[in-house]
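Note sheet for the following structure.
The values are calculated or read from the model by the stated rules, or taken from the named source; none is laboratory data. Keep in mind that this is a model prediction, so the values were computed, not measured. Don't worry about glycine lacking a Cβ; one is built from the backbone with ideal geometry, like all the others, and counts go over all protein chains shown. Areas reflect the complete protein model, heavy atoms only, side chains present, ligands, DNA and RNA absent. Shrake-Rupley method; radii C 1.70, N 1.55, O 1.52, S 1.80 Å.
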Amino acid sequence: QVQLVESGGGLVQPGGSLRLSCAASGSIFSINYMDWYRQAPGKQRELVAAVRSGGNTNFADSVKGRFTISRDNAKNTVYLQMNSLKPEDTAVYYCRALYSSKWYWGQGTQVTVSS
């Protein structure tokens, strides 16, 4: 069983930065795949970024060049560094992890980009 806890969301001005963290807890040894989704009101949930245990990463076109995803495998933690934030980045951000052929979701953290 895996529990994911996100943190780091909040209110930020356009052009600002935030760093989100997602820590996995439970009786686990490793997680092969972790990623971030987001969902804005009235919008579909979309994949933002993903990272595998070896460090291979993937990003949505809308965030390429602005967001960075990284992992601390020893701590089973994934980070999302968000730079040059835009109002359209406003959403609830969720982390997800694949462990023992099961997907686990965090509770989500709100990111609001507004002047």
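Within the group ARG19, ARG45, ARG96, which residue is without any contact (Cβ under 8 Å) to a residue 60 or more places away in the chain and of a type in the set (Lys, Arg)?
ARG45
Report, by residue number, each residue of segment 82-110 that is part of a loop (DSSP other than H, G, I, E, B), open to solvent by less than 80 Å² (accessible area, probe 1.4 Å) and of a type outside the set (S, T, N, Q).
The answer is LEU85, GLY106, GLY108.
So TYR79 passes all but one of these: (1) within 22 Å of ILE31 (Cβ to Cβ); (2) without any contact (Cβ under 8 Å) to a residue 60 or more places away in the chain; (3) open to solvent by 50 Å² or more (accessible area, probe 1.4 Å). Which condition number does it fail?
Only one criterion is unmet by TYR79, namely (2).
Examine segment 58-66 for a residue that is out of contact with any Ser or Thr (no Cβ under 6 Å at 6 or more places or on another chain), more than 16 Å from TRP103 (Cα to Cα), at pLDDT 90 or above and of a type in the set (Asp, Glu), and state whether such a residue exists.
For segment 58-66, residues out of contact with any Ser or Thr (no Cβ under 6 Å at 6 or more places or on another chain), more than 16 Å from TRP103 (Cα to Cα), at pLDDT 90 or above and of a type in the set (Asp, Glu): present.
On the basis of being over 21 Å from SER115 (Cβ atoms), open to solvent by 50 Å² or more (accessible area, probe 1.4 Å) and among the polar types (S, T, N, Q), does GLN44 make the cut?
So GLN44 fits the description; yes.
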